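Peer 1: Here you go, one structure.
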Amino acid sequence: MLAVFALSFGVIIAVNLTLAFKAVSTFPGLEVKNSYVASQDFDARRQAQQALGWTSAVTYDAGQVALNITDAAGQPVQAADIGVLIGRKTTVEYDSYPVMTFDGTTYRAAADLGPGVWIVKVTAQSESGVTFEQRLDLWVSE
């Protein structure tokens with residue numbers, strides 16, 4: 001009876017330690033170094049971004065990521081500068097920064113994405129210097 005009791009608790013402790021290790025080792029990290037400092041100008045940045053009237057959408061097909069940024073009138077936007085991060089939600093292992101090229105209506109880049117949910121973080125600079133930031137979910141089917 002003592003052996004069954006010890007084995008049962010041993011299994012519980014081993015599972016807990018394994019789950020704790022996985023949780024800590026796959027945590028991608030902090031979004032900002034100091035949340036207080038980041039919060040000081042958040043509202044001003046948000047209002048400036050909303051004033052742009054930009055929206056974005058992302059798709060994936062045949063090894064190509066396509067990012068559409070449109071203005072309030074629905075016209076394509078060519079940003080002064082653009083950066084894109086593609087990765088998984090829970091780990092930085094698959095993070096990539098593809099070089100996006102603008103074809104007149106859409107930003108495109110080659111990417112080898114496996115099936116599942118991906119995040120796409122877009123940071124674009126307008127001609128007036130306003131930063132547009134958005135995090136999009138991208139579902140890739142098999």
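Peer 1: Can you tell me which residue within the range 104-134, out of those that are of a type in the set (D, E, K, R) and surrounded by 11 or more Cβ atoms within 10 Å (Cβ to Cβ), is farthest from PHE42 (Cα to Cα)?
Peer 2: Pass one, the range 104-134, residues of a type in the set (D, E, K, R): 108, 112, 121, 127, 133.
From what is left, the residues that are surrounded by 11 or more Cβ atoms within 10 Å (Cβ to Cβ) are 108, 121, 133.
Working: ARG108: 29, LYS121: 17, GLU133: 12 Å.
Filtering first and then ranking leaves ARG108.
Peer 1: Filter the range 37-77 for residues that are surrounded by 14 or more Cβ atoms within 10 Å (Cβ to Cβ) and in a loop (DSSP other than H, G, I, E, B) and give the result.
Peer 2: TRP54, VAL77
Peer 1: Quick one: is ALA80 in contact with a strand residue (DSSP E or B) (Cβ under 7 Å, 6 or more places away or on another chain), free of Cβ contacts under 8 Å to residues at least 60 places away in the same chain, closer than 28 Å to ALA44 by Cα and among the hydrophobic types (A, V, I, L, M, F, W, C)? Reasoning before the result, please.
Peer 2: On the way: in contact with a strand residue (DSSP E or B) (Cβ under 7 Å, 6 or more places away or on another chain): yes; free of Cβ contacts under 8 Å to residues at least 60 places away in the same chain: yes; closer than 28 Å to ALA44 by Cα: yes; among the hydrophobic types (A, V, I, L, M, F, W, C): yes.
Yes, satisfied.
Peer 1: Counting just the residues of the range 95-137 that are polar (S, T, N, Q) and in a loop (DSSP other than H, G, I, E, B), which one comes out farthest from ALA62 (Cα to Cα)?
Peer 2: Going through the range 95-137, the residues polar (S, T, N, Q) turn out to be 96, 101, 105-106, 123, 125-126, 128, 131, 134.
So of that shortlist, the ones also in a loop (DSSP other than H, G, I, E, B) come out as 105-106, 126, 128.
Values: THR105: 19, THR106: 16, SER126: 30, SER128: 35 Å.
Once the filter is applied, the top-ranked residue is SER128.
Peer 1: Of the residues that sit in the range 54-76 and are hydrophobic (A, V, I, L, M, F, W, C) and over 14 Å from GLU133 (Cα atoms), which one is modelled with the lowest pLDDT?
Peer 2: Step one: of the range 54-76, the residues hydrophobic (A, V, I, L, M, F, W, C) are 54, 57-58, 62, 65-67, 69, 72-73.
Next cut, over 14 Å from GLU133 (Cα atoms) only: 62, 65-66, 72-73.
Numbers: ALA62: 85, VAL65: 96, ALA66: 96, ALA72: 93, ALA73: 94.
Among them, the one singled out is ALA62.
Peer 1: A further question follows. So, in the range 14-36, of the ones that are part of a helix (DSSP H, G or I) and exposed (fewer than 10 other Cβ atoms within 10 Å of the Cβ), which residue ends up modelled with the highest pLDDT?
Peer 2: Residues of the range 14-36 that are part of a helix (DSSP H, G or I), as a first pass: 14-25, 35-36.
Those still in the list that are exposed (fewer than 10 other Cβ atoms within 10 Å of the Cβ) too: 24-25, 36.
Working: VAL24: 78, SER25: 76, TYR36: 90.
Once the filter is applied, the top-ranked residue is TYR36.
The values are calculated or read from the model by the stated rules, or taken from the named source; none is laboratory data. Predicted, not measured: the structure shown is a model, and the values here were computed from it. Because the Cβ atoms are built from the backbone with ideal geometry, glycine has one as well, and the counts that use them run over all protein chains shown.
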